[in-house]
């Protein structure tokens, strides 16, 4: 924010100077000072660019300003020499510096240090030169011919760009839309989602009113005085407002125009009321103040009395003074509310790391194999290769940096949204409904450990579903309904209920069922009316077994009235609609101490860590089971149904050092057969029995 503000102030500084001392390329003496000032501008821009690639936003501000100002100058008969010099020097320095410091990522995205940056700077220079040439070519022609020719040129250049370099053109436009636009994935990223009016008011409250009044005042001044610096400041503010509205992360940029325009409005009001304020303080009227200002300073008072014919003394106009008092009061309230809000936030203790996550990651650092990558060493990205013993830790991207920082392990996804999307991304890993698809992802990414938590299972599930399928989102998995409140007639409460596909996702199989097979219990048959509210309303709900509920829903939907439907839904995360098959390659190795359920049993821990293993092979058919106890003392039974007369089991009954211990051998239910499975057999995929 500092260097972007410095850049804008430097650019305004050059605009003011060149308005008073216009550049003329035919007169060298007009070039020296603007050239030096433009170099300072370029340096300020580069300093901001080295901090954040989003500095390109301010290049766009300059580009929009240049386009509008050049057209406006042409209409008024003002030459564009100054703007051509300023932009060429400023963005020439930016482009050269960028190439010196290096391109860090392929592509043309503006939110990374890519080739898109120097291309954008060169385009600004070229566009300014074209506007300059057009103003010279059409100097003796009318503005309509100039505007028509300019519009035609823009269309032709875009068409040539699109046809000659279609891939680059598509990437460039998509990157621009991505930078300034919105899509469903951004809603899952706290800092990239849209800014709401409520959040704007929480952050800036009355300052928003002062800023709006400042914008209106500067628009009036621009119309009256027609100064380039006023237009630049307005474009700066409006583009930052738009950017912040699209992505809340730009809120810190927004603070500068808000302070600037609030100050502009407050200063304008004080200037308007200046004479009456001075008159109130000195005891003189506004008329007398004006006379004193315009009198000859060398003329001394002669001490004569005022004649009887002198005009009567006028009273001070209190309206301007009242407006000043009001503005000062609003400013004071703004300052008080802002300081109070920040004090409350700072005194709240801040955001602390979840203790269950800390405990689990500290365990992981101590009890999992060294991946062979030194946490403190800086590696050359061009020559680095992962050692043979390295592996990945799969979790949702929110937790990637914590895995790196605390556990000193390599996350497969991180808060830069790397490793999240795509066929082998974290979203697919946790959302696919078959273990075969999941293990293919695990093998492709070198996954060895998987960490889940209740947030991924419930609170952040919608985000994973959105990344998995942005058009469907969580619709196939959950249903939000308004349910009548039995204690208050006519009122409704919102409830999220679960559909069958939710229970078949990998995150549900892991976190809810510990990878074990699970038989369905009772579910709800629900009749729904979509026409009573914007949110569907549950009009009838009955507890049934899954088969009965599914038959009832099918019967209802065959003869349903318009705007109504019936569904099979569950109120809890442990009530699947169908049998849930066991996972054959994942075993629980650690869980955090906190039980997230209000009553126990059931007992679901906040964080769970699983290990991806080949699994030992056992010939047989039916259902095999083994009793287990976790590091927290929780007991559960791992059960698995055979596939093709074979079991692949992930837990060892002997030789294991895991904190999750088997309480005996595997038993083939209904046969009396037992199997002892060694850790070696699990880790090497050996045949047992």
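A few comments on the model shown:
- Within segment 320-349, residues that are closer than 20 Å to residue 211 by Cβ sit with their Cβ atoms under 6 Å from residues that are not in a helix (DSSP H, G or I), at 6+ positions apart or across chains, in these pairs: 324/273; 337/205.
- Set 561, 553, 547: member being over 28 Å from residue 623 (Cα atoms) and either surrounded by fewer than 17 Cβ atoms within 10 Å (Cβ to Cβ) or touching a residue at least 40 places away in the same chain (Cβ under 8 Å) (or both): 561
- Which listed residue, of 149, 129, 94, is in a helix (DSSP H, G or I), under 24 Å from residue 5 (Cα atoms), free of Cβ contacts under 8 Å to residues at least 60 places away in the same chain and in contact with a helix residue (DSSP H, G or I) (Cβ under 9 Å, 6 or more places away or on another chain): 94
- Condition broken by residue 571, with the remaining ones in (1) under 36 Å from the mean Cα position of the chain (by Cα); (2) modelled with pLDDT of 95 or more satisfied: (2)
- Conditions (1) over 22 Å from residue 439 (Cα atoms); (2) in contact (Cβ under 8 Å) with a residue 40 or more places away in the chain; (3) in contact with a strand residue (DSSP E or B) (Cβ under 7 Å, 6 or more places away or on another chain); (4) surrounded by fewer than 14 Cβ atoms within 10 Å (Cβ to Cβ): number failed by residue 663: (2)
- In the condition set (1) modelled with pLDDT under 90; (2) surrounded by 10 or more Cβ atoms within 10 Å (Cβ to Cβ); (3) on the phi > 0 side of the Ramachandran plot, residue 349 is compliant with all but (2).
- Test for residue 515: is it surrounded by 14 or more Cβ atoms within 10 Å (Cβ to Cβ) and either within 33 Å of the chain's Cα centre (by Cα) or assigned to a loop (DSSP other than H, G, I, E, B) (or both): yes
- Just one of the listed residues (344, 404) is assigned to a helix (DSSP H, G or I), exposed (fewer than 10 other Cβ atoms within 10 Å of the Cβ) and either at pLDDT below 85 or within 25 Å of the chain's Cα centre (by Cα) (or both), namely 344.
- Test result for residue 657, free of Cβ contacts under 8 Å to residues at least 24 places away in the same chain and surrounded by fewer than 14 Cβ atoms within 10 Å (Cβ to Cβ): yes
- Where residue 117 falls short, out of the listed (1) in a helix (DSSP H, G or I); (2) surrounded by fewer than 22 Cβ atoms within 10 Å (Cβ to Cβ); (3) modelled with pLDDT under 90: (2)
- Residue, surrounded by the fewest Cβ atoms within 10 Å (Cβ to Cβ), within segment 19-38, restricted to residues that are under 13 Å from residue 93 (Cα atoms) and in contact with a helix residue (DSSP H, G or I) (Cβ under 6 Å, 6 or more places away or on another chain): 37
- Consider segment 97-111 and keep the residues that are assigned to a helix (DSSP H, G or I) and touching a residue at least 40 places away in the same chain (Cβ under 8 Å). The one that is farthest from the chain's Cα centre (by Cα) is 97.
- The one condition in (1) surrounded by fewer than 19 Cβ atoms within 10 Å (Cβ to Cβ); (2) more than 21 Å from the chain's Cα centre (by Cα); (3) within 30 Å of residue 579 (Cα to Cα); (4) touching a residue at least 40 places away in the same chain (Cβ under 8 Å) that residue 421 fails to fulfil: (2)
- The numbered conditions (1) part of a helix (DSSP H, G or I); (2) more than 30 Å from the chain's Cα centre (by Cα); (3) under 30 Å from residue 141 (Cα atoms); (4) touching a residue at least 24 places away in the same chain (Cβ under 8 Å) are all true for residue 62 except (2).
The values are calculated or read from the model by the stated rules, or taken from the named source; none is laboratory data. In this text the structure is predicted, and so the values were computed from the model without any measurement. Every residue, glycine among them, receives a Cβ derived from its backbone with ideal geometry; neighbour counts consider all protein chains shown.
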